[in-house]
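Participant: Have a look at this one.
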C-alpha cells in the first residue's frame with residue numbers, strides 16, 4: 001500500500017479534494033464524515049501520487065515505507081475500512097465559489113472566538129473579495145482548543161495552528177485579542193459596525209459529575225487539568241496534588257486518555273514541547289504510579305478512538321492494561337482486539353482501563369481519598385444499569401479527574417438551550433425560541449452550534465454551511481448595512 005493515514009488525522013478534508021482518484025473516504029458530504037474517527041486511504045485505488053501528503057496540515061499521511069513501527073497498524077486499519085466494499089462513492093463535490101450580489105459596499109463580518117471553527121469561517125468569508133473580517137478573542141492568544149486542548153506531546157496535531165496562522169495573516173482579517181464580548185463590547189455594538197456577527201465560542205465548560213463528594217479538594221475536571229498543563233490563562237494558577245500513587249479519570253474519551261498519558265509518561269519526554277513550565281516541574285515531582293480510566297459501559301462503547309488507543313499503547317515507558325471483565329471477545333472489532341492483546345502490568349507506571357463501573361460517591365475527610373463505584377451491566381438496548389446485589393468497588397486515589405463531556409455556556413443577549421448546551425439555530429442562523437424566527441444578522445458555528453461532536457476538521461464543513469447561509473441572507477437583502485457605515 002503506498003500511503004496510510006495515521007493517528008494525527010484531524011479530519012480536515014483537504015486531502016480528499018487533493019486526491020485525483022478518490023481513494024480517501026469518507027468525503028465531507030458523506031453523513032459518515034462527522035462520525036468517522038479518521039479518514040481512510042483505499043490501498044487498491046491509491047496511485048502513490050503524494051498529493052494528499054502535501055495537502056494534509058498535520059503530516060498525518062505517510063508513504064508506507066516511512067511509517068514508524070508504532071504506526072504500521074494503520075496499514076491494516078486503512079485496508080480494513082474498504083474490505084467489504086469496492087464501490088467507492090463519487091468524488092466529493094467541490095463547493096461552488098460564494099457569489100455575492102453587488103451592492104456597491106464592502107461586507108464587514110465579526111467573528112466571536114478564534115478556534116478552528118472561527119478561523120475556518122473567516123477563511124470562507126475571505127474568499128469574497130469585498131469582505132472584511134474582524135475576530136474578537138477574549139484571551140491574549142488565539143486558536144482555542146488547538147492551543148489549550150491538544151496535548152503538548154501530540155506535536156503533529158498541534159501543527160494545525162500553522163494553518164490557522166496563515167488565515168490570520170490574511171490582509172483583510174483583523175484580530176482583536178483580549179476583547180470579551182459582553183464585558184468589553186456588547187452584541188449590540190458589534191451589530192452597529194458589522195453586517196453580521198458569527199459566534200464561534202465553543203463548549204468551554206464540563207458536564208458536572210453529580211455524586212456526593214464531587215466538591216472535595218482533589219476532584220477536578222479534565223478540562224481544568226488540560227488547561228493547566230497547556231498554560232491556559234484561566235487555569236495557569238491551579239495546583240494539582242500528585243503525591244498519591246493513584247489517580248482516577250472518570251470517562252474514557254480521547255481527553256481521558258490524554259490526561260492519563262501526561263500523568264504517567266516520562267516528564268523528560270515533554271521538555272521540548274509547549275507544556276507549561278509549572279506543570280512540567282510538578283510532573284517531575286509526581287508520585288503517581290497508576291492512572292485508572294473508568295467507563296460506565298463496556299469496552300465496545302469506549303468513547304476514545306482507535307487511533308488514540310494505538311498511540312497510547314505505543315507510548316514508551318507506559319504499561320497499558322485493560323480489565324478483561326469489560327472487554328468483549330470480537331475479532332472483527334479492532335479496538336476490542338487491541339484491548340484483549342494488552343498484557344498484564346509488570347511494574348512501573350501504568351494506565352489501567354476499567355469498564356462497567358459507575359461513580360457512586362467520592363470519599364475523603366478534608367480532601368479526596370478514594371472513590372466508590374457501582375458495578376454495571378448492559379441492558380438489551382446497551383444502556384448501563386446497576387447489577388442487583390453486587391458489592392461496591394472502591395479505589396484509593398489522591399486525584400480524581402472528570403472527563404465526561406464538554407458543554408457550552410450562554411452568551412449575553414443570545415438565547416441558550418440548557419438541555420443541549422448550544423445556541424438554538426437553523427443552518428447556523430440563531431433562532432429566537434420565543435418567536436421561532438431567525439434573529440437578525442446573528443449566526444453560530446462549531447460546538448456552540450451543534451454540540452461537542454466531531455474533530456478539528458469537522459468544523460470546516462460546519463463553517464462552510466453557516467457562511468453559505470449568511471451569504472444567502474445578504475443576497476436576499478436581509479443583512480442591512482451597519483449603522484456606523486450607513487451614516488458615514
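Every number here is computed from the coordinates shown, using simple stated rules; none is lab data. This one's a predicted model, so the numbers in the text were calculated from it and none came from an experiment. Methodologically, a virtual Cβ is constructed for each residue, glycine included, from the backbone with ideal geometry; neighbour enumeration extends over all protein chains shown.
Participant: Quick one: length gained pulling residue 177 to residue 330 fully straight, 0.36 nm per residue minus the C-alpha distance?
Facilitator: Result for the pair: 50.1 nm of gain on full extension.
Participant: Another question about this same structure. If I take R0 = 45 Å and measure r between the Cβ atoms of residue 390 and residue 427 in this structure, what FRET efficiency does the formula 1/(1 + (r/R0)^6) give, to the nearest 0.05?
Facilitator: Once the sixth-power term is evaluated, E becomes 0.40.
Participant: Here is a further query. For residue 76 and residue 453, what does the FRET efficiency come to when R0 = 35 Å and r is the distance between their Cβ atoms, rounded to the nearest 0.05?
Facilitator: Efficiency, from the Cβ-Cβ distance: 0.85.
Participant: What is the spin-label model distance, in nm, from residue 363 to residue 105 if the labels are put 7 Å beyond Cα along the C-beta direction?
Facilitator: The modelled label-to-label distance comes out at 6.7 nm.
Participant: Candidates [x] 0.98; [y] 1.01; [z] 0.94; which is the computed Rg/Rh (Cα atoms, Kirkwood Rh)?
Facilitator: [x]
Participant: What is the P(r) of the stretch 209-405, as percent of Cα-Cα pairs per 5 Å bin from 0?
Facilitator: Spelled out per bin, shortest first, that is 1, 8, 16, 20, 21, 16, 11, 5, 2, 0, 0.
Participant: Give me the Debye-computed log₁₀ of I(q)/I(0) at q = 0.16, 0.19, 0.22, 0.23 Å⁻¹ for the stretch 197-319, equal point scatterers on Cα only, no solvent, two decimals.
Facilitator: Reported log10 I(q)/I(0), two decimals: -0.88, -1.23, -1.56, -1.64.
Participant: DSSP beta bridges in the chain, what fraction antiparallel, as a percent rounded to 5?
Facilitator: So the antiparallel bridges amount to about 40 percent of the total.
Participant: What is the ratio of the Cα radius of gyration of the stretch 3-81 to 2.2 N^0.38 Å, where N is its residue count, to two decimals?
Facilitator: Normalised Rg, Cα atoms only: 0.97.
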